[in-house]
Amino acid sequence: MFLRNLVQRREIPLKIAVYLPCAGVGDAMVNLKSLYALKFLYPQAILSLVVKFDTAKNLFRNVDFIDEIIDYVETLQNKGF
């Protein structure tokens with residue numbers, strides 16, 4: 001309840017992270033409608049896409065409603081795992 005009040009008053013921005021482990025273009029395109037629906041339902045939310053393969057990363061790079069794309073493998077390598 002407390003967190004919901006902070007998000008509604010916009011003191012803490014809502015952040016939605018979606019993990020896409022898909023390697024193919026078709027698999028990534030199937031998720032496009034659900035990503036758009038999330039952004040449509042929560043327009044002030046920051047939509048983050050966590051991808052494992054470069055296919056999805058390159059495909060969604062120029063989609064305007066996705067706020068950030070995080071490369072899962074690159075992040076793990078930077079953390080030393």
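Is it true that some residue in region 46-64 is open to solvent by less than 50 Å² (accessible area, probe 1.4 Å), among the charged types (D, E, K, R) and part of a helix (DSSP H, G or I)? No: region 46-64 contains no residue that is open to solvent by less than 50 Å² (accessible area, probe 1.4 Å), among the charged types (D, E, K, R) and part of a helix (DSSP H, G or I). Flag: Ser48 does not match the condition of being farther than 20 Å from Ile12 by Cα, under 13 Å from the mean Cα position of the chain (by Cα) and of a type in the set (S, T, N, Q). Yes or no: Phe40 open to solvent by 40 Å² or more (accessible area, probe 1.4 Å) and either hydrophobic (A, V, I, L, M, F, W, C) or in a loop (DSSP other than H, G, I, E, B) (or both)? So Phe40 passes the test. Only one of the numbered conditions (1) open to solvent by 50 Å² or more (accessible area, probe 1.4 Å); (2) at pLDDT 85 or above is violated by Glu74, and that is (2). Residue selection: Leu3 satisfies the criterion of being assigned to a helix (DSSP H, G or I), at pLDDT below 90 and open to solvent by 80 Å² or more (accessible area, probe 1.4 Å).
The values are calculated or read from the model by the stated rules, or taken from the named source; none is laboratory data. Source: prediction; values computed, not measured. Areas reflect the complete protein model, heavy atoms only, side chains present, ligands, DNA and RNA absent. Shrake-Rupley method; radii C 1.70, N 1.55, O 1.52, S 1.80 Å.
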